[in-house]
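Reviewing the structure listed below.
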Ligand SMILES: Cc1cc2nc3c(=O)[nH]c(=O)nc-3n(C[C@H](O)[C@H](O)[C@H](O)COP(=O)(O)OP(=O)(O)OC[C@H]3O[C@@H](n4cnc5c(N)ncnc54)[C@H](O)[C@@H]3O)c2cc1C
């Protein structure tokens, strides 16, 4: 079947943009995951429009990959098409207090641009390793900030390949949630509004947050950041630690001793190890405290 799909895709994109059986461990911060049957880099909205309407019409499974920092791909891989937005989608433009960025731009680079322009509001995002697209989908946040506080408009493509502009009120933002978790749009571009601030202070805040991350988070190991969402009135890491799971291991997956909210890959973890450890954590925390931990990490 995928030979046929590949032939069709070549009508709209160059063959060199399509990889077959691409190991997803190369594209995820967890450094695990089997092969994606087809891995396609996208270089224009026109080609994306044709490809997305074809894949949707034919019911061919597809998945939009950002920087792969919040996903866990199974060891079997993905029997479908991974769509990866290329450098044409990583522009960052500033006009007055507004920044407009392509979905593939890194949040760290957008935060840097904001700092260079003395715009405040995005300092919290400097250390989040995702893209603008992935961050918007997740409503990524840290240190009391989240992207919903600055986003005013999103340009996205629907499954028919049509481009739509969504205003803030339509984005249904909540804690680690947005409309994009419910409706399969592809985010193309995001506009953010910030305030004028003091450049030195903005830079200092970014440096302080980075320092705090290095001290508190196991950045030296592959992970997908916080494995679980913050349960109401609790902190996932604290519950996991108090349930006695600090340093708990399954194969190459381990509860970080530095920050129990992170499951890390100590080197040779499989996705199955990580999933088994996550299930063990969920069961132990539920049995000990009666609290349900919901994964933040998206499984593919
Ligand atoms: C060390 C570390 C620290 C982290 N710290 C934080 C933190 O402080 N706060 C926080 O919120 N997160 C944090 N994360 C998690 C992660 O970086 C964020 O969730 C980030 O926003 C994910 O972006 P991404 O581009 O990597 O998305 P991916 O992981 O590639 O994808 C995540 C989801 O977004 C979807 N997606 C990606 N691009 C698009 C698009 N263009 N259109 C539609 N859907 C899209 C994907 O299909 C998937 O469902 C951390 C991760 C790591 C590894």
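Filter the range 89-116 down to residues that are in a loop (DSSP other than H, G, I, E, B) and touching a strand residue (DSSP E or B) at 6+ places or on another chain (Cβ under 7 Å) and give me whichever is nearest to the ligand (Cβ to nearest atom). Break it down into steps so the answer makes sense when it comes.
Pass one, the range 89-116, residues in a loop (DSSP other than H, G, I, E, B): 90-91, 96-97, 103-105.
Subsequent filtering for residues that are touching a strand residue (DSSP E or B) at 6+ places or on another chain (Cβ under 7 Å) retains 90-91, 97, 103-105.
On the way: 90: 11, 91: 14, 97: 23, 103: 4, 104: 7, 105: 10 Å.
Among them, the one singled out is 103.
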Inset, instruction - Scan the range 58-79 and give yes if some residue there is away from the ligand (no atom under 12 Å from the Cβ), assigned to a helix (DSSP H, G or I) and free of Cβ contacts under 8 Å to residues at least 24 places away in the same chain, otherwise no. - result: no
Legend entry - Inter-residue pairs, beta-carbon under 9 Å, first touching a residue at least 60 places away in the same chain (Cβ under 8 Å) and in the range 210-228, second assigned to a strand (DSSP E or B) and within 8 Å of the ligand (Cβ to nearest atom), 6+ apart: 213/142; 224/71; 224/298
Inset, instruction - Determine if the range 190-197 includes at least one residue that is modelled with pLDDT of 95 or more, within 12 Å of the ligand (Cβ to nearest atom), not assigned by TED's automatic domain parsing to the domain that holds residue 52 and not in a loop (DSSP other than H, G, I, E, B). - result: yes
Inset, instruction - Say whether the condition of being within 13 Å of the ligand (Cβ to nearest atom), surrounded by 17 or more Cβ atoms within 10 Å (Cβ to Cβ) and either in a loop (DSSP other than H, G, I, E, B) or assigned by TED's automatic domain parsing to the domain that holds residue 125 (or both) is met by at least one residue in the range 35-55. - result: no
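Here is a check on your reading of the model: is residue 119 more than 25 Å from residue 220 (Cα to Cα), within 13 Å of the ligand (Cβ to nearest atom) and in contact (Cβ under 8 Å) with a residue 12 or more places away in the chain?
no
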Inset, instruction - Only residues that are over 19 Å from residue 95 (Cβ atoms) and surrounded by fewer than 17 Cβ atoms within 10 Å (Cβ to Cβ): list them for the range 112-144, please. - result: 143, 144
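Among the residues in the range 277-292, are any closer than 20 Å to residue 107 by Cα, surrounded by 15 or more Cβ atoms within 10 Å (Cβ to Cβ) and within 23 Å of the chain's Cα centre (by Cα)? Steps first, answer last, please.
Initial filter on the range 277-292 (closer than 20 Å to residue 107 by Cα): none.
Looking through the range 277-292, none of the residues is closer than 20 Å to residue 107 by Cα, surrounded by 15 or more Cβ atoms within 10 Å (Cβ to Cβ) and within 23 Å of the chain's Cα centre (by Cα).
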Inset, instruction - Pairs only if they're at least six apart or on different chains, beta carbon under 6 angstrom, first in the range 5-19 and touching a residue at least 24 places away in the same chain (Cβ under 8 Å), second surrounded by 15 or more Cβ atoms within 10 Å (Cβ to Cβ) and part of a helix (DSSP H, G or I); list them, first residue then second. - result: 12/47; 12/50; 12/51; 13/47
Inset, instruction - Go over the candidates 133, 141, 174 one by one and state the one that is near the ligand (Cβ under 7 Å from one of its atoms) and more than 24 Å from residue 216 (Cβ to Cβ). - result: 133
Inset, instruction - Restricting attention to the range 87-109, report how many residues are loosely packed, with under 15 Cβ neighbours inside 10 Å and within 25 Å of residue 223 (Cα to Cα). - result: 1
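The values are calculated or read from the model by the stated rules, or taken from the named source; none is laboratory data. Since this is a predicted model, take the numbers as computed values, not measurements. Every residue, glycine as well, gets a Cβ built from its backbone with ideal geometry; the counts of neighbours run over all protein chains shown.
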